[in-house]
1. Could you check, for segment 230-247, whether at least one of its residues is at positive phi and either under 18 Å from the mean Cα position of the chain (by Cα) or more than 9 Å from the ligand (Cβ to nearest atom) (or both)?
2. Taking Ser293 as the residue in question, decide whether it is closer than 26 Å to Leu50 by Cα and not aromatic (Phe, Trp, Tyr).
3. Which strands (runs of 3 or more DSSP E) does segment 331-394 wholly contain that include 2 or more residues that are within 12 Å of the ligand (Cβ to nearest atom) and not assigned by TED's automatic domain parsing to the domain that holds Phe414?
4. Looking at segment 268-289 only, could you name the residues that are surrounded by fewer than 19 Cβ atoms within 10 Å (Cβ to Cβ) and either within 13 Å of the ligand (Cβ to nearest atom) or of a type in the set (Ser, Thr, Tyr) (or both)?
5. With the structure loaded, tell me whether Gly306 is in a loop (DSSP other than H, G, I, E, B), surrounded by 19 or more Cβ atoms within 10 Å (Cβ to Cβ), of a type outside the set (A, V, I, L, M, F, W, C) and within 14 Å of the ligand (Cβ to nearest atom) or whether it fails that test.
6. Which of (1) at pLDDT below 90; (2) touching a helix residue (DSSP H, G or I) at 6+ places or on another chain (Cβ under 6 Å) is the odd one out, the single condition Met1 does not satisfy?
Amino acid sequence: MQSRFTFELDGEDCRVERENTHRTLAGFLSELDPCFAHFANDASWRGGHLVVLGDLKGDRHRFRAVDAQLLMLPMLSGRQVWTPEGIRNAEPDHPVNLALHNGHLECGRARGDAVVALMFEGYYRPDLRRHVQSNDQFDAIITRSANIPAIREVAAQVFASAAQLRNEYGNKVTESDEESTERLENKDIFEDRFTKSLFDLKSRAFLSYVDDSKRRFHQPSNLVELLKLKREYPDAQFIAGGTELAQQSGKVGWSNLISLEDVKELTGITIAKDFWDIGAAVPLTEIAEELGSECEAFNKVICRFGSRAIRNRASLGGYLATAWESGQLTPLLMALQARVILLSEEGERDAPISNFYKDGGGTILNPNEVIRSIIIPRYNESSLSERGVTARLCNTYTAAPRRTLCEPYATGGFAVELCGRKVSKAWIAYSGINQHPVRAREAERFLAGKRWGEKTVFEMLPILVDTVKVTDHRNEIAGSDYRKQLVVTLFQKFLFHHPTPESIRPESLTAAVDFAKLNQPFFDEIAD
Ligand SMILES: Cc1cc2nc3c(=O)[nH]c(=O)nc-3n(C[C@H](O)[C@H](O)[C@H](O)COP(=O)(O)OP(=O)(O)OC[C@H]3O[C@@H](n4cnc5c(N)ncnc54)[C@H](O)[C@@H]3O)c2cc1C
């Protein structure tokens, strides 16, 4: 085992020696140099102390804004980190620095730093093309106390300058006889100091780190090594993105941490004809990049999950293992009929997400098991028509005190499969209303075989009210009566939004609109 490692900090090698395995990057920086002293302040309530992690995976390079308070030091071994100070100083003429220097953002130091990190990440994002995505980049971090129009204006300038570079490069490739199918992200089209040093980064070496208190941090590179370590240290705690665990790092002492971040079988997404096989340690941002264009509901719910910086680290496996009863992803995963694959030395088992949670809280995951992957079916025309299904409507809705960074009151995930106008099968799932996510099976059974439309749904709503149990386990958040009402209104939104297989209405309704009356039509009947 080793008691030291290095990472790249603002372009220089930074040596870490005999530091506590639980130490966060924010804590480390605050004592490293007076210019980083502000990292000592607790900033979790306003979105954290953001830094940027360089991420080079195979042929793909990315910069990801992440919260330094949620990164444990050994996670950084062999990686590249840029602080907002480092970004400003390394290349004052970088488009982000120039634009921010001239803009009047009217925000304090912590938010100003967050804007630098998020703007920097956005500049290199090849998928940032639309205005609404630019809002999402800053969502939850930038609040009323900043000059939001000015930030948007600067972001538009910065992202447009990156798009121009990409276009110029794309034109050059087309003019020359190079392979036009070559992926742009394979190339350093920016050729600035940041991308150059990212492309120069050596691949990460296996880390097995021990601190002065004999606490160990293991970073296996494959499942065989991982299972071996788990046998050797049965009490070891798995750690993926660390967004949940790092919050407890000051209070809990784990003698062994096994990182999943470098386990190759857990960090990729396999795209098959009929399903995605998502490695349990893949961060949510990367999943949305892969699935989002085909599964819009996933993109939609992801935008309300924490903030960009949280999604850049939080993994789907970590989300499921945490089993937070208000988590917004589970109802959609149930409606999509996702499955979870669990692995231990005894072998593999496979369970639908609907059977993963235990009544009263917790999951079926055993202490010696790791979540290997999550399988999400792809619903394309050919896979549906094989089963005689003519349309699959699927969506998810959340009611919460704020858009992001809060505990949702309730989330619903819904799907109906139709043969013509008739429902062949339905999925109705909720989180936040009980100690564990639930399916409304009686209501699902009622819908099967009925004609999809307002009349059927009106007949079904009393079944939802009668059979879906809402407990008062967190009555300080919202009363159970209110949450019971949400069980109904969230499903009504689904019908309103997808009244017929052919038509999708814009999502104009909000939770504030009173349309929960069970016996009154809430929109004009759609002509057949
Ligand atoms: C600011 C903030 C905002 C948040 N917002 C939301 C939100 O809007 N909605 C929401 O649902 N959650 C939210 N969370 C919580 C979030 O779900 C979790 O932090 C995250 O999904 C956990 O993933 P991770 O990879 O970071 O897990 P880690 O922190 O690495 O691990 C969490 C737990 O899961 C276990 N684990 C991880 N991976 C595996 C695996 N493959 N197999 C077995 N066990 C495993 C670990 O041992 C640990 O016990 C938020 C958290 C923060 C800090």
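The values are calculated or read from the model by the stated rules, or taken from the named source; none is laboratory data. Computed from a predicted structure; not experimentally measured. Ideal geometry is used to build each Cβ from the backbone, glycine not excepted, and the neighbour counts take in all protein chains shown.
1. Yes, some residue in segment 230-247 is at positive phi and either under 18 Å from the mean Cα position of the chain (by Cα) or more than 9 Å from the ligand (Cβ to nearest atom) (or both).
2. So Ser293 fails the test.
3. So the answer is 339-344, 370-377.
4. Thr270, the sole residue that qualifies.
5. yes
6. Met1 satisfies every listed condition except (2).
Okay, residues lined up against (1) over 19 Å from Phe159 (Cα atoms); (2) touching a residue at least 40 places away in the same chain (Cβ under 8 Å); (3) away from the ligand (no atom under 16 Å from the Cβ); (4) buried (at least 18 other Cβ atoms within 10 Å of the Cβ):
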site	(1), (2), (3), (4)
Thr24	yes, yes, no, yes
Phe28	yes, yes, yes, yes
Pro34	yes, no, yes, no
Thr83	yes, yes, yes, yes
Gly86	yes, yes, yes, yes
Val96	no, yes, yes, yes
Ala99	no, yes, yes, yes
Glu121	no, yes, yes, yes
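Okay, residues lined up against (1) touching a helix residue (DSSP H, G or I) at 6+ places or on another chain (Cβ under 9 Å); (2) at pLDDT below 60; (3) assigned by TED's automatic domain parsing to the domain that holds Gln435:
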residue	(1), (2), (3)
Asn475	no, yes, yes
Ala478	yes, no, yes
Asp481	no, no, yes
Val488	yes, no, yes
Ile504	yes, no, no
Ala512	no, yes, no
Phe522	yes, yes, no
